[in-house]
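A.B. asks: My questions will all concern the structure given below.
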Amino acid sequence: MKTRITFQGSLLFCFVFFVHATVFSQQHWSDPGSWPSGRVPTAGQDVTIPANRTIVLDTRTANLGDLYIQGSLIFEDREVSLTAETILLEGLLQVGTASDPFRGRATIT
């Protein structure tokens, strides 16, 4: 399996731009209500987190197809994993911060 993580633009800019949005409407990955289909993404599915959304990864994902992060994906401080064929990042992928370091166990495949 070949995995590719692609960053577009300035990651620092994305962090500064989207950190404000993370304080407000956060939804959890494991909550079916967080997704337009009303179902948690399944194996092989392509997933987009739109620019106006913040998703908190609070579980282990299925083996996704393409993951397109335009908004924010924040890892909850626990044991979590993210598995996808391709991750395209235009927004924020956050695993802890300088003031609140991640102490859990995170795996990105």
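A.B. asks: Return the residue satisfying two criteria in turn: it lies in segment 25-66 and is of a type in the set (D, E, K, R) and out of contact with any Ser or Thr (no Cβ under 6 Å at 6 or more places or on another chain), and of such residues it is surrounded by the fewest Cβ atoms within 10 Å (Cβ to Cβ). Break it down into steps so the answer makes sense when it comes.
C.D. replies: Applying the first criterion (of a type in the set (D, E, K, R)) to segment 25-66 yields 31, 39, 46, 53, 58, 60, 66.
Narrowing further to those that are out of contact with any Ser or Thr (no Cβ under 6 Å at 6 or more places or on another chain): 31, 39, 46, 53.
Working: 31: 13, 39: 11, 46: 13, 53: 19.
The selected residue is 39.
A.B. asks: Got a sec? Which strands (runs of 3 or more DSSP E) wholly within segment 1-98 have at least 1 residues that are at pLDDT below 95?
C.D. replies: On the way: elements: 4-7, 26-28, 47-49, 54-57, 60-69, 72-75, 79-89, 92-94.
Where strands (runs of 3 or more DSSP E) fall fully within segment 1-98 and carry at least 1 residues being at pLDDT below 95, they are 4-7, 26-28.
A.B. asks: I've got another one for you. Quick one: count up the residues across segment 91-104 that are of a type outside the set (A, V, I, L, M, F, W, C), surrounded by fewer than 17 Cβ atoms within 10 Å (Cβ to Cβ) and in contact with a strand residue (DSSP E or B) (Cβ under 7 Å, 6 or more places away or on another chain). Please lay out each step first, then the result.
C.D. replies: So the first thing to find is which residues in segment 91-104 are of a type outside the set (A, V, I, L, M, F, W, C), and the list is 91, 94, 96-97, 99-101, 103-104.
Of the ones still in play, those that are also surrounded by fewer than 17 Cβ atoms within 10 Å (Cβ to Cβ) are 96-97, 99-101, 103-104.
Still in the list and also in contact with a strand residue (DSSP E or B) (Cβ under 7 Å, 6 or more places away or on another chain): 104.
Total satisfying the criteria: 1.
The values are calculated or read from the model by the stated rules, or taken from the named source; none is laboratory data. Since the model is a prediction, treat every value here as computed from it, not as a measurement. When we count neighbours, we look across all protein chains shown, and the Cβ atoms used for this are built from the backbone with ideal geometry, even at glycine.
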